[in-house]
Amino acid sequence: MNPPSRIQSLESSGLYLVTDDRLPLASLLEKTRQALEAGVRVVQFRDKRATKRELLARGAPLRDLCAARGALFLVNDHLDVALALEADGVHVGQDDFPADRARALLGSGALLGLSVSAVDEAVAAPGLQVDYLGVGAMYPTDTKPDAEYGGLELLRAVRRQVPLPLVGIGGITLERAPEVIAAGADGVAVVSAVYGAPDAGLAAERLLAAIAAARGGTPPNLR
């Protein structure tokens with residue numbers, strides 16, 4: 001049997017973990033390790049504070065952790081860093097490196113994600129050769145206070161019009177994750193819900209269980 005493609009892995013994962021750039025590297029690595037051991041299979045490396053050299057230094061051990069667990073390692077915004085780290089893909093925003101040009105440089109095998117906060121942005125996305133959309137913000141969020149609020153209605157509207165995999169992002173908690181899935185998301189992206197928890201592994205385990213239950217799978221078995 002052939003191994004699943006990167007996009008199949010992303011769709012099946014349910015939980016899309018975005019790193020917290022407020023943490024020192026040692027804490028970031030330890031909490032990521034715990035989350036991976038709990039079953040997380042998609043990690044986006046997002047750091048708005050670091051220089052390019054620091055991004056490479058912080059990203060390399062994260063990439064290695066993901067590779068050891070068979071998890072996808074994606075880089076936020078920085079196409080050059082993604083290429084240098086041989087990441088599985090890159091995620092860009094509306095004001096970042098243009099998605100269609102990113103695809104030309106990435107090639108067809110890497111994942112390319114795009115953030116959208118309006119229906120017209122989402123409708124235009126398939127023509128940019130992106131693989132999935134990050135839709136939001138679903139709720140107000142401290143990790144991205146300038147994010148445009150879209151809410152569940154935006155997600156529902158995008159789901160009706162766009163066939164691409166959708167990841168809800170922005171302020172999602174354990175309690176909110178099921179309603180984001182019910183509104184049409186294939187997965188949910190979180191930062192604080194895992195990295196802000198005392199036990200990142202347990203937080204990830206509970207989120208994965210809640211997502212599986214919302215998808216009609218095995219009900220959550222919360223410890």
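Values quoted throughout were computed directly from the atomic coordinates according to the rules given, and no laboratory measurement underlies them. What you see is a predicted model, and the numbers here were worked out from it, not measured in a lab. Quick reminder, even Gly has a Cβ in these numbers, built from the backbone with ideal geometry, and neighbours come from all protein chains shown.
So, Leu56, is that one surrounded by fewer than 22 Cβ atoms within 10 Å (Cβ to Cβ), in contact with a helix residue (DSSP H, G or I) (Cβ under 8 Å, 6 or more places away or on another chain) and farther than 22 Å from Arg22 by Cα or not? Walk me through how you get there before you give the answer.
Working: surrounded by fewer than 22 Cβ atoms within 10 Å (Cβ to Cβ): yes; in contact with a helix residue (DSSP H, G or I) (Cβ under 8 Å, 6 or more places away or on another chain): yes; farther than 22 Å from Arg22 by Cα: no.
No, not satisfied.
Would you check if there is a residue in segment 108-124 being surrounded by fewer than 19 Cβ atoms within 10 Å (Cβ to Cβ), over 17 Å from Leu154 (Cβ atoms) and of a type in the set (Gly, Ala, Ser)?
Checking segment 108-124: at least one residue is surrounded by fewer than 19 Cβ atoms within 10 Å (Cβ to Cβ), over 17 Å from Leu154 (Cβ atoms) and of a type in the set (Gly, Ala, Ser).
When you scan segment 81-102, do you find a residue that is among the basic types (Lys, Arg) and in contact (Cβ under 8 Å) with a residue 12 or more places away in the chain, even just one? Working first, answer last.
Going residue by residue through segment 81-102, those that are among the basic types (Lys, Arg) are 101.
Next, from what is left, pick out any that are in contact (Cβ under 8 Å) with a residue 12 or more places away in the chain: none.
No.
Of everything in segment 1-27, what is over 16 Å from the mean Cα position of the chain (by Cα) and either under 16 Å from Ala193 (Cα atoms) or of a type in the set (Gly, Ala, Ser) (or both)? Give them in sequence order.
In the first step, residues of segment 1-27 are kept if they are over 16 Å from the mean Cα position of the chain (by Cα); the result is 1-5, 22-27.
Once the filter is applied, which keeps residues that are over 16 Å from the mean Cα position of the chain (by Cα) and either under 16 Å from Ala193 (Cα atoms) or of a type in the set (Gly, Ala, Ser) (or both), segment 1-27 yields Ser5, Arg22, Leu23, Ala26, Ser27.
Which residues, taken from segment 77-107, are within 22 Å of Val162 (Cα to Cα), crowded, with 20+ Cβ neighbours inside 10 Å and under 15 Å from the mean Cα position of the chain (by Cα)?
Gly89, Val90, His91, Val92
Which ones in segment 38-52 are more than 17 Å from the chain's Cα centre (by Cα) and in contact (Cβ under 8 Å) with a residue 24 or more places away in the chain?
Of everything in segment 38-52, those that are more than 17 Å from the chain's Cα centre (by Cα) and in contact (Cβ under 8 Å) with a residue 24 or more places away in the chain turn out to be Arg49, Ala50, Lys52.
Select from segment 154-198 the residues that are in contact with a Leu (Cβ under 9 Å, 6 or more places away or on another chain) and closer than 16 Å to Gly216 by Cβ and list them in ascending order.
Ala177, Glu179, Val180, Ala182, Ala183, Gly184, Ala185, Asp186, Gly187, Val188 - these are the residues of segment 154-198 that are in contact with a Leu (Cβ under 9 Å, 6 or more places away or on another chain) and closer than 16 Å to Gly216 by Cβ.
Taking segment 60-103 as the region of interest, how many residues are among the aliphatic types (A, V, I, L, M) and more than 28 Å from Glu148 (Cα to Cα)? I'd like the intermediate steps shown before the answer.
Looking only at segment 60-103, we keep the residues that are among the aliphatic types (A, V, I, L, M), and these are 60, 62, 65, 67-68, 71-72, 74-75, 79, 81-85, 87, 90, 92, 99, 102.
Now restrict to residues that are more than 28 Å from Glu148 (Cα to Cα): 60, 62, 65, 67-68, 71, 83-85.
Qualifying residue count, segment 60-103: 9.
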